[in-house]
Amino acid sequence: MALDPKGGFDQIMSMARGFQVAKMLMVAVDLGLFDFLAEPKSAGQTASWLKADPRATGIFLNGLAALGLVDKSGDNYKNRELASRYLVRDSENYRGAIIKHMEHTWERGWEDLKETVRVGHPRQAEPEKWLDARPERDAAEVRAFIWGMHAIARDLAPQVAAKLDLSGVRRLLDLGGGPATYAINFAQANPELKVTVFDLPMPIEIAKENIAKNGLTDRVGTLAGNFLKDDIGADYDFIWVSQILHSHDEGQCRLIIAKAVAALAPGGALAIQDFYLNADGASPTGAAMFGVHMLAVTPRGRAYTFGEVAEWMQAAGLAAPEFIQSGMDASILVSQKL
């Protein structure tokens, strides 16, 4: 939020209290409260179901009602429309995974932001192992992250598929494609297209689930590996890289772009979607805040400017990129191999 210079201290206090709303939402999702409140329930019934303290449960439910997430009628509480649509696990539109992922980033990064600012990287993010194959105990966290990416991308991906000109494209690589959300939408919008999703082994398992769910196993394949180290294939007509660069340092970004260009067929195109900063490095607000998020949760990442990424693309052998606004905070740079 941008501060009004004519406003008062209440704006500062609103910022300081922001964590309260976020944590309440995270706790409610983690407890599965919205699943239980699909039908009216009293605080006592809810406390019994949670095996929780009745007094604390009532106070917490009143807070959720004040936020507009649940409706309170007499002694009963029930989901309001937004909570029913997005926060009930049986809903087709369920987005709770991204809320769980945000809670994980709170625990594994944002809580230590002061120390991160001092030393330059989060203590829990090992530079050479971040997002690589994780121990089995972290499988649930990785699933929350990957399905959370699907929760964010599922509304934007159809819009992107409509904006990108994929006519004549027969082989497309979704590099770091996670849950295959974009790959699925590209294939659905272009019946002649064959797509490969490349990512680490754990995300690829989720991608396979999503591809099968959408009935596209005949046209959307997968390839597991680490794109910083492993072969990503060759002779692609189009390579899509979405929300990948911000997790890496400049040297890694240049490597990713160079590998993508090398994997393109002659005349092929590379498209890179991200939360780009303007030349001033401090706007738009969403991209600047995302840069801080990357500082908090990755060893080397940050938000990059349009100019930086465009320069790297041209240095790797691409034409001057075209700019496409894809969403409120996201945009795309797309360029053809020279």
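Some observations on this one:
- Looking only at segment 35-49, residues that are within 20 Å of Y94 (Cβ to Cβ) and free of Cβ contacts under 8 Å to residues at least 24 places away in the same chain come to 2 in all.
- For segment 217-225, the criterion of being in the same structural domain as D274 (by TED's automatic domain parsing), surrounded by fewer than 24 Cβ atoms within 10 Å (Cβ to Cβ), assigned to a helix (DSSP H, G or I) and touching a helix residue (DSSP H, G or I) at 6+ places or on another chain (Cβ under 8 Å) is satisfied by no residue at all.
- Per the conditions (1) modelled with pLDDT under 95; (2) hydrophobic (A, V, I, L, M, F, W, C); (3) under 14 Å from A153 (Cβ atoms), the sole criterion not satisfied by V197 is (1).
- Lone qualifier among T196, T181 - being under 16 Å from the mean Cα position of the chain (by Cα) and on the phi < 0 side of the Ramachandran plot: T181
- Restricting segment 28-64 to residues that are among the charged types (D, E, K, R) and assigned to a loop (DSSP other than H, G, I, E, B), the residue that is nearest to S84 (Cα to Cα) is E39.
- Residue in segment 307-319 that is touching a Leu at 6+ places or on another chain (Cβ under 9 Å), of a type outside the set (F, W, Y) and on the phi > 0 side of the Ramachandran plot present: yes
- Checking each residue in segment 155-174 for being charged (D, E, K, R), crowded, with 17+ Cβ neighbours inside 10 Å and within 18 Å of the chain's Cα centre (by Cα) picks out only D174.
- Elements of type helices (runs of 4 or more DSSP H) contained in segment 65-125, each with 1 or more residues being under 27 Å from K213 (Cα atoms), outside the structural domain of D155 (by TED's automatic domain parsing) and not small (G, A, S): 81-86, 96-108
- The residue that is farthest from L164 (Cα to Cα), counting only those in segment 184-193 that are more than 17 Å from the chain's Cα centre (by Cα) and touching a residue at least 12 places away in the same chain (Cβ under 8 Å), is E192.
- A single member of D4, D90 is without any contact (Cβ under 8 Å) to a residue 12 or more places away in the chain and either over 29 Å from the mean Cα position of the chain (by Cα) or closer than 20 Å to W147 by Cα (or both), and it is D4.
- Residue within segment 271-289 that is farther than 22 Å from T105 by Cα, surrounded by fewer than 19 Cβ atoms within 10 Å (Cβ to Cβ) and among the polar types (S, T, N, Q) present: yes
The values are calculated or read from the model by the stated rules, or taken from the named source; none is laboratory data. From a predicted model like this one, the values you see are computed outputs, not experimental measurements. Note that each Cβ is placed from the backbone with ideal geometry, even for glycine, and that neighbours are counted across all protein chains shown.
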